[in-house]
Amino acid sequence: MKSKLETRTHFLAMAAVVALVGTLVFLWLKPLPDEPEVAVAPTTPASLFINTDASIAFYEDRIRKAPDDREAYTRLAQVYLQKAHASGEELTYVPLAKERIEQALSRDPDDYYALALQASLFNTLHRFDDARVAAERLQAAYPHDSFIQGVLVDALVELGEYDEAVAANDALLGMHPGLAAYARASYLRELHGDTDGALSAMTMAAQAGVVGEADRAWALTHLANLYLGKGDLEVARRVFEGILEETPGYAQAIAGLGHIAELEGDYAGAVAGLEEAYGLEPRAAFLERLAEIQSVQGASAAAEAYLDRVDASFQEAARMGENNRMEYADFLADRGLRLDHALRLAEAEIARRPGHLHANETYAWVLHRLGRSAEAVAPIEKAMRLDTGDAMVHYRAGQIYRAIGDAAASQLHFQKALDAHLHIESQTAANTARTLLAQP
């Protein structure tokens, strides 16, 4: 749940082309070449539902009337997943989706639709190794299925298998160029330090979306955040405002404008915007931003109160079945709390995905906070190996090198962090970096 601008989250099922039928969006796919003979339902795992509440009521009623209607279970699971991602209420809707998928598979263990949703759900729960296995198994039977290919790309990215992820996304672009493929390409370019390429691909993603639909608003939000990460507040503001013209009440755009208000010193406006966003979608990232605003103003008690709420959300997500070890270890290390526990979490994640950039960054940061900074050098260097331009990684590298007495390396990384607009992610960290740079 670390609210980094370069987006730690994986990309989940998004449809580029949709058609309205009643209260639902049905996406018909042409028959997949060389696929096994199956009964193809008119809704696919990549479809979006226009009115999720009406759709939930419809399919729940259908199940009550026909408890063995396998198709109704899978579609209801899909609506629950869409509702979870759109509302930020994963704790409510993800367990419901999981239960409905299991009920569908209990009726037919080989049902493509349910297995595809399950693979996507594994990514949602950060069970990326399970997602990869599930996607590869389905891919063997459905080699031209773009939804499954997208699930595989997400899993590979989050496992730190970046070369494989690039190849898999290139294949996805060949299968089904559209919003989902372009968005994934944008993130992969960002991971490799190609900000201009990331902007170009995310622009294409947004252009592939339908005005007023959630997937386009999502892509535009990421586009705005890319501009924000470059320090271009005016372009980011215009994009966020444009989102709200197309999709009034879109929480992440409201939060984005709140972030810009913070950077401009309008703390009251920033708090109001982020509180409004949180009221619309209870996302921990909004609470972290609010904590940063309080910290900048010296209101440490208020900042800690927000962070306590974030901590509680981590606990709830873990109880739901989400593997948030890396994110929680990072969070604990930042606060300097339960560092031995944070180390166990970070070590488990390094064992699971040794090449992942943020897993290495987190492991290094926990070691440093434990006073084991010399051991932190190798993983922090591994975290910087793709030269992403991540300001916070350079800031942490500066702290680590300073702790082991390498002043030149420390100064270099503090300067790189500031050059990469560290203040946009954390004004408090940027102030610390400036202070330490000024010291002999």
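The values are calculated or read from the model by the stated rules, or taken from the named source; none is laboratory data. Because the structure is predicted, anything quoted here is derived from the model rather than measured. FYI the Cβ positions are ideal-geometry reconstructions off the backbone, even for glycines, and counts take in every protein chain you see. These accessible areas exclude ligands, DNA and RNA; they are computed on the full protein's heavy atoms, side chains included. Shrake-Rupley method; radii C 1.70, N 1.55, O 1.52, S 1.80 Å.
Data for the structure
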{"item": "Spin-label pair Ala141/Glu304, simplified geometry with 7 Å Cα→Cβ offset, distance in nm", "result": "5.4 nm"}
{"item": "Label-point gap, in nm, between Leu244 and Ala409 - each point 7 angstrom along Cα→Cβ", "result": "4.5 nm"}
{"item": "Per-pair calculated FRET efficiency, R0 = 41 Å: Val210 and Asp68 via Cβ, rounded to 0.05", "result": "0.70"}
{"item": "Segment 386-401-segment 158-189 distance, computed between alpha-carbon centres (Å)", "result": "25 Å"}
{"item": "Accessible area of the chain belonging to carbon and sulfur atoms, whole % at 1.4 Å probe", "result": "53 percent"}
{"item": "Heavy-atom accessible area per residue - the chain, 1.4 Å, Å²", "result": "41 Å²"}
{"item": "The chain - mean residue ellipticity at 222 nm from DSSP helices (-39,500 (n - 2.57) per run, n ≥ 4, rounded to 500)", "result": "-23000 deg cm²/dmol"}
{"item": "Contour minus Cα-Cα distance for Ala318 and Thr92 (0.36 nm per residue)", "result": "80.0 nm"}
{"item": "Centroid-to-centroid separation of segment 287-308 and segment 77-155 [C-alpha atoms, Å]", "result": "36 Å"}
